[in-house]
Every structure is written in C-alpha cells, then in structure tokens.
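Report on the structure given below.
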Amino acid sequence: MLTSADFATLLLTFKVASLATIFMLLFGTPLAWWLARTRSKWRGLINTIVALPLVLPPTVLGFYLLILLGKNGVIGEFTTWLGIGTLPFTFAGLVVASVLYSMPFVVQPLQTAFLSIGNQPLEAAATLRASPIDTFFSVVIPQAKSGFLTATILGFAHTVGEFGVVLMVGGNIPDKTRVVSVQIYNHVEALEYSQAHWLAGGLLAFSFTVLLILYTVLKTTPHVK
Amino acid sequence: MKYQLSKWITARFKLNYGDFELSVNLRLPNSGITVLFGHSGSGKTTLLRCIAGLEQAQHGYLEINGSVWQDSDVGIFLPTHKRPLGYVFQESNLFSHLTVSENLNYGLKRIKASSDTPKFNHILDLLGIRHLLDRMPERLSGGEKQRVAIARALVLNPCCLLMDEPLASLDPKRKQEILPFLSRLNQELNIPVLYVTHSHQEVAQLADYLVVLEAGKVQASGLLAETLSRLDLPLSQDREATTVWNVTIVEHETEFHLTRVAFEGGSLSLPAIEAKIGTPLRVQIYARDVSIVLEVPRATSILNVLPATIMDIVDGESGQSIVRLKVGNQPLLAHITRKSAVILNLKIGKEVFVQIKGMSILN
C-alpha cells in the first residue's frame with residue numbers, strides 16, 4: 001500500500017500541476033490570442049519557441065533552465081537581486097519549469113479554438129458597442145469554452161506526467177520537489193516494486209481517464225450548453 | 001422626400017487591396033433608405049465597412065450628422081464600438097452562445113439601456129420575433145435569424161442602420177417575408193438606412209436614394225427615380241430596367257375593380273387595392289411595358305395613356321432604343337425598337353403619349 005511519503009508526493013504533484021496550470025492559462029491565453037490574430041512576421045518564430053518542448057528531450061530543457069535559473073544565470077541573478085534567491089531545487093523553480101515545459105499543451109488548443117471563432121462574432125460585438133477587451137471576455141472566452149477545457153486538462157495532465165525536467169531543475173527533495181514520477185523512480189531503484197505498482201498504476205488510470213474524457217465527452221459535444 | 005440640413009453623410013475614402021481600389025467621394029442624405037448598388041467586386045460592401053469602421057481606409061474622411069468619425073489628415077479614427085450605428089451582416093452573425101433575448105440585450109447592456117421600453121417591445125412586434133426570445137440561434141430558420149439580427153441592431157436606437165445584403169443568404173420565399181419589414185422599419189422607426197445590394201428588385205422596393213458603384217468608383221448617386229432613368233448608366237439598358245414612382249391613392253372605382261392613384265402631374269389606374277384614400281404607394285414600371293404613340297389612340301384596351309415629353313434618346317443593344325420621358329414631373333423609361341423610333345421620328349423635346357401596359361405595386 002501507499003506510505004505517507006507516497007501521499008506527500010501525490011499532494012505535491014497535485015499542487016505543482018494546479019499552480020502550473022493556472023500560470024499557463026494566465027500567460028498562455030494572451031499568447032495564444034496573439035498567435036491566432038497577429039499578422040506579424042514574428043509569429044512563426046514565437047510559434048516555434050512555444051512548440052519546442054514538444055520535441056526536445058526534457059533533459060535538454062531542464063539543463064538550460066538549470067543554467068539560466070542558477071546563481072550565475074541571467075534569471076538567477078535577477079531573482080537573487082529581487083531577494084528571492086535562486087530557483088533550482090525549490091518548489092517555485094519546479095513550477096516555473098513545469099509552466100515552460102507544458103505550455104504548448106495549453107497554447108495550441110487555445111490557438112485552435114480562437115482561430116475557429118473567426119472574425120465575424122468579433123465584428124458583430126464591435127458594432128454592438130463592445131470594446132475589444134469586453135469582446136474577449138463576453139464572446140471569445142464563452143465561445144472557446146471547450147478549447148479552455150481541453151487546454152486545462154492537457155496542461156494539468158502533462159505536468160503530472162513530467163520526469164526529466166523535474167529531476168534536472170527540482171531534484172529529489174521530499175516535500176519540496178519530489179513528485180510522483182520521481183517517487184516511482186525511487187521505488188524502482190530501491191527494488192520496492194509493489195510500491196511502484198501502486199503509484200504507476202494510479203498515474204496510468206489517471207491519464208487514461210483524462211484522455212478518455214477528452215476524446216469522448218468533449219469531442220462529441222463541442223457546444224456544451 | 002425632404003432632407004433636413006444637418007442629416008447628411010459625407011464619405012470620402014481611398015483604399016487599396018492588391019489590384020482593387022476603392023475611391024469614393026459621396027454626400028448622402030442620412031434619412032430614408034439609401035441603397036448602395038453594384039455587382040460583386042464593385043466595392044459596395046467595402047464602402048459600408050469603411051463607414052462602420054470595420055475597415056480603415058488609408059485616406060478617409062467621414063462625417064455623419066455633423067460629427068467627424070474619421071479624418072486621416074489629422075489622425076482621427078473612431079473605433080467601431082464607439083460609433084452609434086447599427087450593422088446587419090449578410091450572415092446574421094448572432095452570438096451562438098447566447099439566446100435570442102441575450103443577443104438582443106448584448107448591446108443594450110453596453111449602452112446601459114433597459115429592454116423594458118415601449119420601443120423595444122415595438123421592435124419585437126414589428127419584426128415578429130417575440131415568440132423566439134428563449135431560443136438558441138442554431139434553432140432558428142435563416143429568415144428568423146436575420147430578423148433577430150435586425151432587431152439587435154435597431155434596439156440600440158442607432159443614428160443610422162447599415163445593412164450588408166441582409167437578404168442575400170435567404171431563399172426567395174424568406175426574402176419576401178423580410179422585405180415588407182424593411183420598408184416598414186424606415187417609416188415607423190424613422191431610422192435612416194444604408195443598404196447594400198446587387199438585386200434590382202430590392203433597389204426598386206426599398207430605395208429612396210440610389211448610389212451605383214462600379215469597380216470601386218461611384219457611377220451615379222441621386223434620388224431613385226432620377227438615377228434609374230439616367231441613360232448613361234447600364235441600369236437603364238438592362239432588361240429589368242424600371243422606373244419607380246411614388247403615388248397616392250385618390251379614388252376607388254369599385255364597379256371596375258380599379259383604384260386611381262395620383263402622382264405629380266397626373267394619375268393612373270391600377271387593379272383594385274385595399275387601402276384607404278391617401279395611402280402612399282410605390283409603383284414600379286418596367287421600361288419594356290411602356291410604348292409610345294404620337295396621338296391619343298381613339299380605341300385602345302390600355303387604360304393608362306399619358307401625355308409625355310421626350311427628354312433623351314439613345315441606342316441600346318440589338319436594335320433597341322432607350323427613351324427617357326417626362327410625365328408630369330416624373331421621369332419614365334421606355335424600351336422600344338429602333339425602327340419604331342425612326343418611323344415615329346422621335347426627337348428630344350417632342351410631345352408624345354405613353355401607353356403603360358402594366359405596373360407592379362411594391363408595398
């Protein structure tokens with residue numbers, strides 16, 4: 001059965017994934033909106049950068065983050081100057097790394113949803129006295145509801161499932177950075193297979209359920225009302 | 001039609017899209033229904049979008065009822081949501097996530113107005129949409145959607161209503177269902193309308209003032225009757241060429257099933273119309289239904305024979321002559337064969353008689 005240490009990793013995983021998802025939605029929504037609407041020549045480049053974590057080995061991303069966030073990195077110097085200290089091997093560092101790593105899973109469904117709304121409802125809103133910001137909240141967000149749901153689920157689930165970035169940036173510190181995927185690794189290393197089974201099986205069931213919901217419930221009824 | 005001095009739209013736009021250029025300089029009455037007419041690609045929709053601010057012309061000046069909405073020389077461009085206008089799109093463009101009632105209230109909320117007013121209720125009844133309030137847009141027919149879209153624009157009490165081919169996506173039956181609403185709108189609510197269409201029928205039925213656009217330029221702009229009868233425009237050459245007269249009912253001849261209507265400088269007999277004496281009507285006369293005679297025929301089955309003066313005459317396609325006449329104060333077009341024009345020796349200024357074989361009543 002699960003030990004209290006296992007439960008602690010589960011709780012930590014849930015906290016990291018929830019916080020990361022909130023930040024991804026906060027930053028990813030304007031980014032996806034910009035990518036969906038802009039005619040700027042920078043669009044291709046930004047799209048590429050956002051999509052990079054999809055193809056990069058997590059260790060590569062983790063490695064560069066470690067350097068950037070570390071004492072001598074640009075961001076590390078900045079956070080030290082702010083008095084926060086450096087981020088690697090902290091809970092905050094783990095959240096930052098997760099946000100970057102899972103961002104494409106939030107930005108891409110949002111971008112698709114925004115594109116499918118098209119120009120017409122926005123123009124109609126403008127002729128009905130709604131400012132662009134007002135239109136975003138009263139027309140775009142409600143009409144992109146299923147896109148937001150997909151983005152939230154995928155972003156959360158993908159953060160739960162990460163391993164390489166966590167290990168590089170967060171390390172393996174109980175109650176601070178030790179998440180489920182790392183704990184499974186620890187169990188296997190210690191030849192505690194039955195413990196590993198419980199956690200691994202739990203993650204498998206979680207991921208399966210989440211994807212099943214995505215591909216059945218959400219896809220068959222895109223206009224939930 | 002009388003125009004108030006301050007109710008004018010001044011619109012000057014220059015805009016380039018690849019190989020299309022819109023270049024217009026217009027002064028339009030902001031009262032009654034002004035139709036922007038042209039083929040696809042003539043720039044009529046782009047012009048309407050420029051007026052709404054949905055398109056920003058590189059060079060533009062737009063003034064409505066004395067307030068300037070755009071002046072590119074001094075960098076003024078009022079964004080669409082700050083322009084007090086109404087816009088009806090070709091596709092109704094209702095918000096799919098809102099009910100009909102929420103759609104109608106969307107704009108009202110933003111101008112902090114209530115929907116609990118006699119005017120709001122009047123518009124619901126005028127457009128016959130009261131029973132649809134709780135429906136989602138996807139459960140409406142095309143005609144119903146378009147009526148809701150018109151109401152949604154009207155309830156904001158706009159200074160003018162811009163309509164971009166609002167009937168183009170509807171089948172002929174639905175068109176006939178909405179057309180009467182449109183002419184009533186203008187009369188009952190007194191909101192000026194700018195109406196884009198490529199349909200001759202809608203021009204004849206709705207327009208008070210007509211602007212003809214071709215390849216991004218204004219070909220003609222003027223009162224309907226005058227513009228329709230201008231011989232330098234392709235409109236007068238078309239097989240569907242017509243003149244439209246505004247007339248008033250003066251007498252019912254019940255024994256013959258006829259109604260007599262008067263216009264400036266004469267009167268006509270029409271098949272009986274069930275309406276009170278004094279009712280204004282719009283009568284459309286096709287140029288192909290008008291023939292010319294030199295003397296009053298002593299015996300003819302045609303009732304409407306009127307004295308007329310020939311104002312202009314040009315050669316049309318395939319042996320046709322197009323004649324512009326004046327009957328009383330009304331312009332009239334006639335399509336006759338060139339042979340007849342020669343035999344009758346028709347010349348500008350000649351006094352003749354016209355026989356009108358048929359007319360249609362538009363409202």
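The values are calculated or read from the model by the stated rules, or taken from the named source; none is laboratory data. Model, not experiment: these values are computed from the prediction. Positions of Cβ are generated from backbone atoms using ideal geometry, with glycine treated the same way; all protein chains shown enter the neighbour counts.
Does B:Phe89 count as facing chain A (nearest Cβ under 9 Å), within 23 Å of B:Leu194 (Cα to Cα) and either within 22 Å of the chain's Cα centre (by Cα) or at pLDDT 95 or above (or both)?
yes
Return the residues of the stretch B:256-271 that are farther than 18 Å from B:Phe353 by Cα and part of a strand (DSSP E or B); say none if nothing qualifies. So that I can check it myself, show each step before the final result.
Of all residues in the stretch B:256-271, those farther than 18 Å from B:Phe353 by Cα come to B:256-261, B:270-271.
Scanning the stretch B:256-271 gives B:Leu258, B:Thr259, B:Arg260, B:Val261, B:Leu270, B:Pro271.
Are there any helices (runs of 4 or more DSSP H) wholly within the stretch B:159-254 with 2 or more residues that are in contact with a His (Cβ under 9 Å, 6 or more places away or on another chain) and within 20 Å of B:Leu85 (Cβ to Cβ), and if so which?
Numbers: elements: B:172-189, B:200-206, B:224-228, B:234-237.
Of the helices (runs of 4 or more DSSP H) lying wholly inside the stretch B:159-254, those with at least 2 residues that are in contact with a His (Cβ under 9 Å, 6 or more places away or on another chain) and within 20 Å of B:Leu85 (Cβ to Cβ) span B:172-189.
With the checklist (1) buried (at least 19 other Cβ atoms within 10 Å of the Cβ); (2) more than 7 Å from chain A (Cβ to nearest Cβ); (3) part of a helix (DSSP H, G or I) in hand, flag the one item B:Gly107 doesn't pass.
(2)
For the stretch B:341-348, indicate whether the set of residues that are outside any strand (DSSP E or B), under 27 Å from the mean Cα position of the chain (by Cα), assigned by TED's automatic domain parsing to the domain that holds B:Thr259 and touching a residue at least 24 places away in the same chain (Cβ under 8 Å) is non-empty.
Our first condition is that a residue be outside any strand (DSSP E or B); within the stretch B:341-348, this holds for B:341-348.
Adding the requirement that they be under 27 Å from the mean Cα position of the chain (by Cα) leaves none.
Among the residues of the stretch B:341-348, not one is outside any strand (DSSP E or B), under 27 Å from the mean Cα position of the chain (by Cα), assigned by TED's automatic domain parsing to the domain that holds B:Thr259 and touching a residue at least 24 places away in the same chain (Cβ under 8 Å), which makes the answer no.
For the stretch A:139-168, give me the residue count where each residue is outside any helix (DSSP H, G or I) and away from chain B (no Cβ under 14 Å). Walk me through it before giving the result.
First, the residues of the stretch A:139-168 that are outside any helix (DSSP H, G or I): A:144, A:161-163.
After this cut, where a residue has to be away from chain B (no Cβ under 14 Å) as well, the list is A:161-163.
Final tally of qualifying residues: 3.
Search the stretch A:101-136 for residues being within 14 Å of chain B (Cβ to nearest Cβ) and of a type in the set (Gly, Ala, Ser), and hand back the single one that is nearest to A:Leu66 (Cα to Cα). Give the steps one after another, and end with the answer.
Keep residues of the stretch A:101-136 that are within 14 Å of chain B (Cβ to nearest Cβ), which gives A:113, A:116-136.
Add one more test, that the residue is of a type in the set (Gly, Ala, Ser), and what stays is A:113, A:116, A:118, A:124-126, A:130-131.
Details: A:Ala113: 34, A:Ser116: 38, A:Gly118: 40, A:Ala124: 48, A:Ala125: 46, A:Ala126: 46, A:Ala130: 45, A:Ser131: 42 Å.
Filtering the stretch A:101-136 for residues that are within 14 Å of chain B (Cβ to nearest Cβ) and of a type in the set (Gly, Ala, Ser), the one nearest to A:Leu66 (Cα to Cα) comes out as A:Ala113.
Spot the failing condition for B:Glu144; the list is (1) within 14 Å of another protein chain (Cβ to nearest Cβ); (2) surrounded by 22 or more Cβ atoms within 10 Å (Cβ to Cβ); (3) farther than 24 Å from B:Ala207 by Cβ, and only one is missed.
Exception for B:Glu144: condition (1).
I'd like to check something: does the stretch B:112-126 contain any residue that is within 14 Å of chain A (Cβ to nearest Cβ) and closer than 19 Å to A:Ser131 by Cα? Don't jump to the end; show me each part of the working.
Filtering the stretch B:112-126 down to residues within 14 Å of chain A (Cβ to nearest Cβ) leaves B:112-113, B:115.
The next check asks that each one be closer than 19 Å to A:Ser131 by Cα; those that pass are B:112-113.
For the stretch B:112-126, residues within 14 Å of chain A (Cβ to nearest Cβ) and closer than 19 Å to A:Ser131 by Cα: present.
Test of understanding: among B:Glu226, B:Glu255, B:Glu214, which residue is outside the structural domain of B:Gly128 (by TED's automatic domain parsing) and surrounded by fewer than 19 Cβ atoms within 10 Å (Cβ to Cβ)? Let's see the steps before the verdict.
Details: B:Glu226 fails: outside the structural domain of B:Gly128 (by TED's automatic domain parsing); B:Glu214 fails: outside the structural domain of B:Gly128 (by TED's automatic domain parsing).
Just one listed residue meets the conditions, B:Glu255.
Being within 14 Å of chain A (Cβ to nearest Cβ) and touching a residue at least 24 places away in the same chain (Cβ under 8 Å), is that true of even one residue in the stretch B:33-47? Break it down into steps so the answer makes sense when it comes.
Taking the stretch B:33-47 and keeping what is within 14 Å of chain A (Cβ to nearest Cβ), we get B:45-46.
Pick out the ones that are also touching a residue at least 24 places away in the same chain (Cβ under 8 Å) and you get B:45-46.
The answer is yes; a qualifying residue exists.
Could you pull out every one of the helices (runs of 4 or more DSSP H) wholly within the stretch A:1-114 that has 3 or more residues that are surrounded by 15 or more Cβ atoms within 10 Å (Cβ to Cβ) and modelled with pLDDT of 95 or more? Give the steps one after another, and end with the answer.
Working: elements: A:4-37, A:43-55, A:58-69, A:74-82.
Because the criterion is at least 3 residues that are surrounded by 15 or more Cβ atoms within 10 Å (Cβ to Cβ) and modelled with pLDDT of 95 or more, the helices (runs of 4 or more DSSP H) in the stretch A:1-114 that meet it are A:4-37.
Here is a check on your reading of the model: is B:Ile343 surrounded by 15 or more Cβ atoms within 10 Å (Cβ to Cβ) and among the β-branched types (Val, Ile, Thr)? Let's see the steps before the verdict.
Details: surrounded by 15 or more Cβ atoms within 10 Å (Cβ to Cβ): no; among the β-branched types (Val, Ile, Thr): yes.
No: the conditions fail for B:Ile343.
Residues that are modelled with pLDDT of 90 or more, out of contact with any Cys (no Cβ under 6 Å at 6 or more places or on another chain), surrounded by fewer than 19 Cβ atoms within 10 Å (Cβ to Cβ) and under 17 Å from B:Ala262 (Cα atoms): does the stretch B:307-318 have at least one?
Yes: the stretch B:307-318 contains one or more residues that are modelled with pLDDT of 90 or more, out of contact with any Cys (no Cβ under 6 Å at 6 or more places or on another chain), surrounded by fewer than 19 Cβ atoms within 10 Å (Cβ to Cβ) and under 17 Å from B:Ala262 (Cα atoms).
Which numbered condition in (1) modelled with pLDDT of 90 or more; (2) in contact with a helix residue (DSSP H, G or I) (Cβ under 7 Å, 6 or more places away or on another chain); (3) farther than 15 Å from A:Ala124 by Cβ is the only one that B:Ala151 fails?
(3)
For the stretch B:127-141, which residues satisfy the criterion of being surrounded by fewer than 15 Cβ atoms within 10 Å (Cβ to Cβ) and either of a type in the set (Lys, Arg) or within 12 Å of chain A (Cβ to nearest Cβ) (or both)?
Matches in the stretch B:127-141: B:Arg130, B:Glu138, B:Arg139.
Quick check on this structure: which one of B:Asp164, B:Asp238, B:Asp208 is of a type in the set (Asp, Glu) and free of Cβ contacts under 8 Å to residues at least 40 places away in the same chain? Step through it out loud before you land on a result.
Details: B:Asp164 fails: free of Cβ contacts under 8 Å to residues at least 40 places away in the same chain; B:Asp208 fails: free of Cβ contacts under 8 Å to residues at least 40 places away in the same chain.
Exactly one residue qualifies, and that residue is B:Asp238.
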